Every structure is written in structure tokens, then in C-alpha cells.
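What follows is a single structure, written as C-alpha cells, with notes after it.
All of the numbers you see were taken from the coordinates with simple rules; none came from a lab. Computed from a predicted structure; not experimentally measured. Neighbour counts run over all protein chains shown; Cβ positions are idealised from the backbone, glycine included.
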Amino acid sequence: MRKLAGITVLVLLISFSINAQQKQQKQRKGSDFTTEQMATLKMKQMTLDLDLNASQQKEVFELMKKSTEERKNAMTERKENKQSGVELTSDQKFAIQNNRLDKMIAHKTAMKNILSKDQYEKWEKKMKHQKRSGKKNMAKNNQKGMKGGQQKKRPDNNRI
């Protein structure tokens with residue numbers, strides 16, 4: 001009887017563990033929205049946050065659609081390189097980073113041209129907050145051992 005109860009508890013623990021891992025993988029996997037759907041959602045969120053007018057909404061939609069397409073293409077390229085085992089040279093890594101920063105500068109300039117001064121200040125403040133919270137989340141995940149699947153070992157101060 002004890003063995004049966006122990007096995008039942010063990011099976012329940014394993015099933016809960018597997019279920020939790022699957023939820024984490026789904027969250028990391030992201031959604032399967034099209035670029036237009038993602039651009040629409042971002043544009044609507046910005047409309048709520050910044051009170052965009054109709055012409056601003058159109059311009060923001062086009063900008064978001066373009067950046068989302070570029071981001072998806074870059075992600076698929078990275079996945080293909082990773083699967084094929086291609087190692088990038090330092091010059092290639094530099095070119096990718098340089099290109100990414102150029103796109104960020106162009107995006108920021110385009111937003112500055114689309115938005116009014118007050119809207120742009122709100123948008124910039126929100127972007128800084130998102131960047132900061134993203135870094136905090138990355139640090140928290142690294143501390144938990146999310147990256148690499150290994151947790152950091154802490155020294156045991158009670159040992160003699």
C-alpha cells in the first residue's frame with residue numbers, strides 16, 4: 001500500500017514538472033502571428049498609449065510592419081545558421097551588430113518624424129523603461145539557471 005501511494009505521488013510530481021516545462025516553452029516560443037497582425041497590435045497599443053491620429057496610425061503601422069518583417073527574417077537566418085552549425089566570423093558579427101544599430105537609429109528617426117514632441121517624449125520614456133525591465137528579466141532568468149540549463153552553485157557557508 002505504501003509503495004502504491006509513493007508511486008502515485010511520484011507520478012503526480014513528474015506530470016506537474018512536465019506540464020510546467022511545457023508552459024515555459026510555449027511562453028518562450030512566442031506567437032505565430034503574421035507580420036501584419038503583429039504590426040496592427042503594436043500600432044493599436046501605441047494608439048492607446050500616445051493617442052495617435054489616423055495619419056499617424058497609418059505611418060506607424062507601415063513602420064512596425066517593416067521592422068517586424070526584418071526582425072522575423074533575421075531570426076530565421078539565425079536559426080538556419082545555428083541548425084547548420086555555421087560559425088560567424090568576428091567581421092560578420094560586427095556587420096550584423098552594425099546593421100542592427102543602423103536600423104534602430106532609422107526607426108528612432110522615423111518615430112521622431114511621425115510623432116509630435118510630447119508623443120515622442122512619452123514613447124522614448126516607455127522604450128527606456130522596456131529596455132530596463134528587459135535587462136532585469138534577463139538577469140533574473142540567468143540567475144535562475146534558465147540559460148544553459150545550469151544553476152549557479154552557491155558556496156555552502158555552513159561547511160567546515
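Sorting VAL60, VAL9 by the number of Cβ atoms found within 10 Å of their own Cβ, with the fewest placed first, yields VAL9, VAL60. Seen from GLU70, the other residues with C-beta closer than 12 Å to its C-beta sum to a net charge of +3, counting Lys and Arg as +1 and Asp and Glu as -1.
Extending 7 Å from the Cα toward the beta-carbon at both GLU87 and GLN37 defines two label points whose distance is 3.9 nm. In percent, rounded to a whole number, the relative contact order of region 33-139 is 30, using alpha-carbon pairs under 8 Å and six or more apart. Can you compute the FRET efficiency between LYS135 and LYS58 using 1/(1 + (r/R0)^6), with r the Cβ-Cβ distance and R0 = 30 Å? Round to the nearest 0.05. Taking R0 as 30 Å, the efficiency between LYS135 and LYS58 is 0.40.
Can you classify region 1-107 as rounded, prolate or oblate using the Cα gyration tensor, where a ≥ b ≥ c are the square roots of its eigenvalues, rounded means a/c under 1.5, and otherwise it's prolate if a/b beats b/c and oblate if not? Here region 1-107 falls in the oblate category.
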